[in-house]
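In what follows, a single structure is set out as structure tokens and then discussed.
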Amino acid sequence: MQKLAQSTVGTTDKGPEVVVSDQFPAGLRVLVVDDDVTCLRILERMLLNCLYHVTPCTQATVALSLLRERKGSFDVVLSDVHMPDMDGYKLLEHVGLEMDLPVIMISADGRTSAVMKGIRHGACDYLIKPIREEELKNIWQHVVRKKWNENKELEHSGSLEDNDRHKLGNDDAEYASSVTEGTEGALKHHKKRTNPKDDDDGELENDDPSTSKKPRVVWSVELHQQFVSAVNQLGIDKAVPKRILELMNVPGLTRENVASHLQVWVFPLIVFVWNFTCWFSVCFS
């Protein structure tokens, strides 16, 4: 079980499940960053009215240091876009990749291009000032959705490993069967596999599936920027893992790595764009 404020995320026989207490989302740990002190105090008061634990901060650089020093102490970050010490988008990238936390951008700039820029950089939502308390009451949904997606990703990763082990087991069974047949070719193959001294390359094959597990890819800020650039170049509707991988051209990066990151990154974007489109049509129709 993984702690999530006053909720937990677990896996049942039916798949990943988010289990929350009766008090949730009360106690949600929110870090809010805004260089405008007046706006910061208003946000803090509204968040406290939602029964959230609030940590206010006026500098993006200080907020980033706080997040690095107190990893696991926050559930979600609200950050202004335009700040003097660090661009809000840069903070967004660091927080999203280093801490893997949901980040909500806040700004008085409500242009569609500004909203889409925030989402492209990885924001799970974009709130336009002045922000209403009703909007802040629902930010817990981004936290739960992200944890659910992470569990789904881990479950998918585990299924891939099980498939690899199953395939390896089948290969070993076929190999053992060929040895028992007593054919000369199978015996030579068996000798080559089991005797590293006779291997021309001098390498010992390792059939232990636990040691052949592929290392997990760490999505650094630079690697994520390459990913975002590839998605933007292709367009959301044509951004499939194979084409993204070709454009990124990063040694060691696999199609599975890209597919997993695409699922976590693009799904919230699609949901947000759909919600934003509905809101825009209602307000201006």
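The values are calculated or read from the model by the stated rules, or taken from the named source; none is laboratory data. For clarity, every value in this text was computed on a predicted model and none was experimentally measured. Quick reminder, even Gly has a Cβ in these numbers, built from the backbone with ideal geometry, and neighbours come from all protein chains shown.
A few comments on the model shown:
- If the condition is being free of Cβ contacts under 8 Å to residues at least 40 places away in the same chain and of a type in the set (S, T, N, Q), then segment 45-74 contributes Thr55, Thr58, Gln59, Thr61, Ser65.
- Strands (runs of 3 or more DSSP E) wholly inside segment 4-102 containing at least 3 residues that are under 24 Å from the mean Cα position of the chain (by Cα) and at pLDDT below 90: 7-12, 15-20
- Criterion applied to Glu98, Glu135, Glu93 was being crowded, with 17+ Cβ neighbours inside 10 Å and assigned by TED's automatic domain parsing to the domain that holds Ala60, and the one residue passing it is Glu93.
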